[in-house]
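Below: the structure, in structure tokens.
The values are calculated or read from the model by the stated rules, or taken from the named source; none is laboratory data. For clarity, every value in this text was computed on a predicted model and none was experimentally measured. Cβ placement follows ideal geometry from the backbone for every residue including glycine, while neighbour counts extend to all protein chains displayed. Accessible surface is based on the protein model in full, side chains and every heavy atom, while ligands, DNA and RNA are left aside. Shrake-Rupley method; radii C 1.70, N 1.55, O 1.52, S 1.80 Å.
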Amino acid sequence: YTKMANSKFEYVKDFETQEKLLPNSWIVVRIDGKGFHKFSTKHNFNKPNDTRALGLMNRAAATVMNEYKDIVLSYGVSDEYSFVLRRQCPLYNRRKDKIMTYLNSLFTSSYVYFWNEYFHDVKLKYPPSFDSRIVLYPTDENLRDYLNWRQADCHINNLYNTTFWSLILKGGLTNCEAEQKLCGTDSAHKNEILFSEFGINYNNELDLFKKGTILLRKNIKHPLHEKSRQVIYPFHEDLIRDTFWDKNTNILPG
Ligand code: ATP
Ligand code: ATP
Ligand code: MG
Ligand code: MG
Ligand code: MG
Ligand code: MG
């Protein structure tokens with residue numbers, strides 16, 4: 001067909017819509033694994049926390065941060081990752097589709113690309129996928145509360161899962177029995193079960209599990225070279241208290 005025919009068809013382009021993200025607001029992209037309850041079972045993840053899987057998630061997220069310098073902080077737990085883009089970020093003219101789909105697909109392809117480095121002899125049985133959403137936060141307080149929400153969720157789920165899997169793996173209960181036993185229990189009660197029945201002090205569990213992973217950019221100086229180099233570094237610490245933000249004043253400027 002001819003160039004003229006092509007321009008005859010071109011009107012369909014006008015059906016496209018573009019959503020532009022509100023200026024001057026924090027952009028959070030959160031991705032989450034599709035059906036990872038099943039995915040983790042099929043790939044024999046250690047329960048409740050498979051360190052290889054967390055390492056792979058962190059590696060995929062670091063790859064995304066390396067490519068997109070507007071990301072100032074990322075927070076990951078379980079099968080999810082949140083990427084925080086600086087509020088003035090001009091990336092793709094703040095086109096929502098571009099930002100969301102590029103970050104998501106780079107994360108997903110990196111997860112598959114680096115699979116063998118973390119799972120060695122475990123064969124990837126089918127291609128995993130992740131959903132994603134973008135949320136805008138107008139104030140620093142909103143952004144901090146978003147991260148607080150995710151980290152509080154990490155803590156609640158991890159305390160539950162640690163107790164649940166102790167009851168099954170160490171206590172010999174069935175999944176159903178463990179679920180019933182935990183129904184209606186508060187945090188103190190779960191801590192008590194862990195300690196009295198299994199000698200586990202929840203406080204001594206890994207911060208990687210209790211706090212999740214915060215990825216930040218840090219400048220490090222090589223002892224032999226002049227130039228400092230930027231690296232993406234993982235932290236497993238509380239980000240709800242002010243201490244974290246007092247140490248990292250560059251993230252929320254002003
Ligand atoms: P959806 O598609 O709705 O997100 P999902 O099965 O992925 O469903 P989530 O609420 O996202 O449900 O929970 C993820 C699940 O993946 C966890 O409940 C857990 O079973 C499993 N999982 C994720 N990461 C790990 C890990 N590092 N170690 C062990 N299990 C994990
Ligand atoms: P953008 O990021 O804006 O999409 P782009 O470089 O991907 O930039 P496209 O307009 O999407 O630009 O064009 C894709 C280009 O990829 C083609 O112009 C061609 O150079 C190359 N390409 C894609 N598929 C093939 C293929 N099967 N064989 C050879 N080249 C290909
Ligand atoms: Mg979900
Ligand atoms: Mg999921
Ligand atoms: Mg999840
Ligand atoms: Mg292209």
To the nearest 20 debye, the chain has a Cα-centred charge dipole, built from +1 on Lys and Arg Cβ and -1 on Asp and Glu Cβ, of 1000
Full extension between Ser187 and Tyr113 adds, at 0.36 nm per residue less the Cα distance, a length in nm of 22.8 nm
Diffing the stretch 4-14: the Karplus 3J(HN,Hα) column from phi (6.51, -1.76, 1.60, θ = phi - 60°), in whole Hz with x for Gly and Pro, holds 5, 4, 4, 6, 5, 7, 5, 4, 4, 4, 5
Under 28 Å between C-alpha atoms, the lysine pairs in the stretch 1-84 lying 8 or more places apart or on different chains count 7
Averaged over all viewing directions, the convex hull of the alpha carbons in the chain casts a projected area in nm² of 20.8
Dividing the alpha-carbon radius of gyration of the stretch 58-122 by 2.2 N^0.38 Å, where N counts its residues, gives 1.19
The answer for the chain, accessible area per residue at 1.4 Å probe in Å², is 60
Here the membrane-span-like helices of the chain, with no claim about any membrane, defined by DSSP H, Cα axial extent at least 18 Å and mean Kyte-Doolittle at least -0.5, are 51-67, 96-113
Measure of exposure for Arg241: accessible area at 1.4 Å probe, Å² rounded to 10, is 150
Summing -39500 (n - 2.57) over every DSSP H run of at least 4 residues in the chain and dividing by its residue count gives a helix-only mean residue ellipticity at 222 nm, to the nearest 500 deg cm²/dmol, of -14000 deg cm²/dmol
Eigenvalues of the alpha-carbon gyration tensor of the stretch 150-254, times 5 and square-rooted, give semi-axes in Å, largest first, of 39, 16, 11
Reduced to Cα centres, the span from the stretch 148-213 to the stretch 70-127 in Å works out to 28
Once both label points are put 7 Å beyond Cα along the C-beta direction, the Ser129-Asn142 separation in nm becomes 3.0
Charge dipole of the chain built from unit charges on the beta carbon (Lys, Arg +1; Asp, Glu -1), centred at mean Cα; most positive-end Cα among Asn204, Ile71, Gly55 is Ile71
Long-range share for the stretch 1-145, i.e. C-alpha pairs more than 21 Å apart as a percent of all pairs, stands at 51
Whole-number value, in Å³ per residue, for the convex hull of the alpha carbons of the stretch 205-254 is 105
Expected sort for 196-208, 96-108, 12-24, 79-91 on mean C-beta neighbours within 10 Å, highest first, is 79-91, 96-108, 196-208, 12-24
Distance in nm between His222 and Asp14 label points, each 7 Å along Cα→Cβ, equals 5.7
Heavy-atom accessible area of the stretch 110-235 with neighbours in place, 1.4 angstrom probe: carbon+sulfur share in percent works out to 52
For the pair Asp121 and Asp153, the simple spin-label estimate (label points 7 Å beyond Cα toward Cβ) gives in nm 3.6
Of Trp149, Trp165, ordered by accessible area with the largest first and a 1.4 Å probe, the sequence is Trp149, Trp165
P(r) of the stretch 176-216 over all Cα-Cα pairs, 10 Å bins starting at 0, rounded to whole percent, reads 24, 43, 25, 7, 0
